[in-house]
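This report refers to the structure that appears directly beneath it.
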Amino acid sequence: MRALKCGTASGGKKCWTTNLLIRGGMLFFVGVFLALVLNLLQVQRNVTLFPPDVISSVFSSGWWVPPSCGFASAMIGVLYPCIDRRLGEPHKFKREWSSVMRCVAVFVGINHASAKVNFANNFQLSLTLAALSIGLWWTFDRSRSGFGLGVSFALLATVATQILVYNGVFQYTNPDFIYIRSWLPCIFFAGVITMGNIGRQLALYEYKFLQEKTHLE
């Protein structure tokens, strides 16, 4: 039996599925890594508090946090380029890995600021983080689809977090916005933009790889 080639219809579908799974797996592990690092920062600064029996898990975080963030990251990173294609608006702004790495660094910096920088009040902190998050979108994305997905996922993640806190899974110190901190949606928004950029860059790399492979065959 001859092997399927990516240039054929059936072979192209098989290659697309395989590459999609690989891309999703890479996004999952990136999300898990960032969740471990960033959540460790929040726990160390007593921004988030987990029950004593949960603290013994990996990096002093609930066991479900890293895989949950990993699945969300995979979904976001895969969805972004798909939405771009559906809308017929391929994202071409700053499409290189150096820009993606800078975006990750800014996202980590925003999370770091939420945990370590002291502001006069939570309202001032929330406004600052909101400005930084929108600045991150403007600097590394600037697409309407990116902004819309960022806001949508941030709202969904905020509601999900409020439900978890309400049910006692964990809690925030000094909550000021329905059981949580008012700046949390800004962190979620910045995280969505960051994972979307990573997903777009992986999709672009995959597209170029398939094009070269098809050309050689």
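Each value in this text was obtained by applying a stated rule to the coordinates, not by laboratory testing. Computed from a predicted model, the values in this text were never measured in an experiment. Note: ideal-geometry Cβ built from the backbone for every residue, glycine included; neighbour counts use all protein chains shown.
Applying the Karplus parametrisation 6.51 cos²θ - 1.76 cosθ + 1.60 with θ = phi - 60° to the phi angles of region 19-26, what ³J(HN,Hα) value in whole Hz is obtained for each residue in order, glycine and proline being reported as x?
Residue by residue, region 19-26 yields 5, 5, 5, 5, 5, x, x, 5 Hz.
Measure off 7 Å from each Cα along the Cα-to-Cβ vector at Tyr166 and Arg102, then give the distance between these two points in nanometres to one decimal.
In this crude label model, Tyr166 to Arg102 measures out at 4.2 nm.
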